[in-house]
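Trainee: Have a look at the structure that comes next, please.
Read-outs throughout are calculated quantities, based only on the coordinates presented, and are distinct from any laboratory measurement. Remember, predicted model here, so these are calculated numbers, not experimental data. Quick reminder, even Gly has a Cβ in these numbers, built from the backbone with ideal geometry, and neighbours come from all protein chains shown.
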Amino acid sequence: MATATANLYEVMFLIGQSTAANLSGVLEHINHIVERSQGQVVAMQKWDERRLAYEIDKQKRGLYILLYVKLTGEAVAGFERDCNLSEMIMRTLIIRAEHLTDEEAAAFDRRDDLATEARMRAESGPASDDQGRAMATLGAPPQDEPEAMEEDEDIEE
């Protein structure tokens, strides 16, 4: 019986900003999906965190994670199904990485940087979520109601 050969695949994950706050949980979840498919992670890195062109699941920003993984052809369908069913992953793109050798793909490995960033996000807590928001408001500046009423009373007399 012939054994199935594992091919190198390039996988791009889109993670919502609210989910990305728990980056260590997301990374564990991705590794769990790879293990379920009997795959082997060659490299993983944070690709970018940016504003989306349109809202997806009421999310305006997203985190892109690039993964190089070795999977058999039969395991790809199960891997893709698990990614689509996951509530942590908004979108997934899987392509066969025929343009790279295993050594070239391994050069993209930034798992240590991801683990460091996950630790920093966990330590900073929810306060870091407000950093990306604009503090500008529309319209006139808010006024205190009691002061406005006192001025109106002076005018009436």
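Trainee: Step by step: first the residues of region 1-18, then only those that are buried (at least 21 other Cβ atoms within 10 Å of the Cβ) and of a type outside the set (A, V, I, L, M, F, W, C), then the one that is nearest to Ala77 (Cα to Cα). Which residue is that?
Mentor: Here the residue is Tyr9.
Trainee: Please verify whether region 7-19 includes one or more residues that are hydrophobic (A, V, I, L, M, F, W, C), in a helix (DSSP H, G or I), in contact with a strand residue (DSSP E or B) (Cβ under 8 Å, 6 or more places away or on another chain) and in contact (Cβ under 8 Å) with a residue 40 or more places away in the chain.
Mentor: Within region 7-19 (the criterion being hydrophobic (A, V, I, L, M, F, W, C), in a helix (DSSP H, G or I), in contact with a strand residue (DSSP E or B) (Cβ under 8 Å, 6 or more places away or on another chain) and in contact (Cβ under 8 Å) with a residue 40 or more places away in the chain), the answer is no, since none of the residues qualifies.
Trainee: So, in region 47-82, of the ones that are in contact (Cβ under 8 Å) with a residue 24 or more places away in the chain, part of a strand (DSSP E or B) and of a type in the set (Phe, Trp, Tyr), which residue ends up nearest to Ile95 (Cα to Cα)?
Mentor: In this case the residue turns out to be Tyr68.
Trainee: Condition check: assigned to a strand (DSSP E or B) and either without any contact (Cβ under 8 Å) to a residue 60 or more places away in the chain or in contact with a Ser or Thr (Cβ under 6 Å, 6 or more places away or on another chain) (or both). Does Leu93 satisfy that?
Mentor: Judged against the criteria, Leu93 is not a match.
Trainee: For region 30-46, which residues satisfy the criterion of being crowded, with 20+ Cβ neighbours inside 10 Å and under 16 Å from Met90 (Cα atoms)?
Mentor: Listed by number, the residues that qualify are Ile30, Ile33.
So that you can scan it fast, the table gives a plain yes or no per residue for (1) in contact with a helix residue (DSSP H, G or I) (Cβ under 8 Å, 6 or more places away or on another chain); (2) not charged (D, E, K, R):
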site	(1), (2)
Gln45	yes, yes
Ala53	no, yes
Ile56	no, yes
Tyr64	no, yes
Arg81	no, no
Glu104	no, no
Phe108	no, yes
Asp112	no, no
Ser124	no, yes
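Trainee: So Gly25 clears everything in (1) assigned to a strand (DSSP E or B); (2) surrounded by fewer than 16 Cβ atoms within 10 Å (Cβ to Cβ) except one condition, right? Which one?
Mentor: (1)
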